[in-house]
């Protein structure tokens, strides 16, 4: 029977430090920059085509959701489960317009003569 070759995996060095936070952030940005250099960017024609496709799909789903919304609202309104009218309930704590009061003089008092 043939022997299987086992790949020698290197374990991280125990004594090696990661570096401070700023070095790790800088290393991360360098990795991002190197990955972005490998990206194959689309040409202008492909970019316009992809953008138009995405916008068409968004418009299509917007119309589809609107149609479903109108249909479900119609079903609920006809069934009586949903009413488009809002019920108005008088709020007892709400400020109402003050009622005009009329002063009625009490018998036996006179305001014209200074109380005499």
For this session: Please give the FRET efficiency for residue 62 paired with residue 25, using the beta carbon to beta carbon distance and R0 = 41 Å, rounded to the nearest 0.05.
Result: 0.55
Seminar exercise, completed: So the compactness index of the range 41-83, its C-alpha Rg divided by 2.2 N^0.38 Å, takes the value 1.96
Exercise. Can you work out the FRET efficiency for the pair residue 32 and residue 69, with r the C-beta to C-beta distance and R0 = 30 Å, to the nearest 0.05?
Worked result: 0.10
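Values in this text are rule-based calculations from the coordinates and carry no lab data. From a predicted model like this one, the values you see are computed outputs, not experimental measurements. Reconstructed Cβ throughout: ideal geometry from the backbone, glycine too, with neighbour counts over all protein chains shown.
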